[in-house]
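Comments concern the structure below.
The values are calculated or read from the model by the stated rules, or taken from the named source; none is laboratory data. This is a predicted model, so every value here is computed, not measured. Positions of Cβ are backbone-derived with ideal geometry, glycine not excepted, and every protein chain shown enters the neighbour counts. Note: accessible area is taken over every heavy atom of the protein model, side chains too, but ligands, DNA and RNA are not part of it. Shrake-Rupley method; radii C 1.70, N 1.55, O 1.52, S 1.80 Å.
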Amino acid sequence: MRMFFSLALFAISFAAAAAPRADKISWAHGGKDFDGYLVWNDGSKALRPGLLMIPPWYGINDNEIADAKTIAGKDFVILLVDMYGRGLRPANPDEAGKATAAVYADPAMLRGRIETALATLRGVGKKAPVDQKRIGAIGFCFGGAVALELARSGADIAGVASFHGNLKTKLPAAKGAVKARVLAMNGADDGFVKVEDIANFQNEMREAGADWQFVNFGGAVHCFAVPEEHGTVPGCEFNERAYRRSMHMMRDFFAEAFAP
């Protein structure tokens, strides 16, 4: 009985020790401080791929931290990226719209911020078990647009996956500039992404010579992969089927991108 009790305590202790963790990490760019989170399961010390994860327009909050833990699992170390700066955490669609508009208005600043976040992930050292040879990025809505801008900038990473991100850009990729593989996933009925936006994006990727994929999920609209965004604005709805398929597709995409 005593042995059984000891084993039970050990199992409980191990489960607690192996729980997903989210450690606050800060960096600076352009005179601003930014506060993100390193998210991973510390049940193993084995190196694993690192992913930048750029949230939707509300930025970092408890929901996004929970989502990062789910996606990270035992497979990734995630840097949950702050794109707004310390203290700016939108609480409603009006505030979120103003925050994203300010970032979109200055493409060079946008790229500088996400490139600094990438440098932060590359510099975590012993803080988290990141395999520096396997780095990628994912983003949702606004975050998807930021992830695509990182690819357009020529970042030397394995891949970028965008979930219902804005496809427009003020700085189209130059020929030969896109080093990362690109996966852009879109809701086929997304009212925020126009037919011409899709055509322009595809032509841009072709002309850049990128290794790219574009996927439309039938019956899905904007926010299909973000449960907490459901109903926040008209035309923004979670779609469980598209979410599940897009997550499988993202993991298959990175399994190939990170392969030796």
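Listed values, structure above:
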{"read-out": "Qualifying residue in the range 245-258 (condition: in contact with a strand residue (DSSP E or B) (Cβ under 9 Å, 6 or more places away or on another chain), basic (Lys, Arg), within 19 Å of LEU183 (Cα to Cα) and surrounded by 16 or more Cβ atoms within 10 Å (Cβ to Cβ))", "value": "yes"}
{"read-out": "Failed criterion for GLU64 (all others in (1) within 12 Å of the chain's Cα centre (by Cα); (2) over 16 Å from PRO20 (Cβ atoms); (3) of a type in the set (D, E, K, R); (4) not in a loop (DSSP other than H, G, I, E, B) hold)", "value": "(2)"}
{"read-out": "Residues located in the range 122-148, provided they are in a helix (DSSP H, G or I) and under 12 Å from the mean Cα position of the chain (by Cα)", "value": "PHE142, GLY143, GLY144, ALA145, VAL146, ALA147, LEU148"}
{"read-out": "Residue list for the range 72-82, restricted to those being open to solvent by less than 10 Å² (accessible area, probe 1.4 Å) and either of a type in the set (Asp, Glu) or out of contact with any Gly (no Cβ under 7 Å at 6 or more places or on another chain) (or both)", "value": "ALA72, ILE78, ASP82"}
{"read-out": "Pick from the range 25-61, criterion more than 25 Å from VAL226 (Cα to Cα) and outside any strand (DSSP E or B), ranking: most open to solvent (accessible area, probe 1.4 Å)", "value": "LYS45"}
{"read-out": "Among (1) open to solvent by 40 Å² or more (accessible area, probe 1.4 Å); (2) aliphatic (A, V, I, L, M); (3) in contact (Cβ under 8 Å) with a residue 24 or more places away in the chain; (4) under 27 Å from PRO93 (Cα atoms), the one test that ALA174 misses", "value": "(4)"}
{"read-out": "Top-ranked residue in the range 219-235 [being in contact (Cβ under 8 Å) with a residue 40 or more places away in the chain and farther than 28 Å from PHE76 by Cα; ranked as surrounded by the fewest Cβ atoms within 10 Å (Cβ to Cβ)]", "value": "GLY235"}
{"read-out": "Options ASN216, ASN200; residue that is open to solvent by 60 Å² or more (accessible area, probe 1.4 Å), farther than 24 Å from ILE71 by Cβ and at pLDDT 95 or above", "value": "ASN200"}
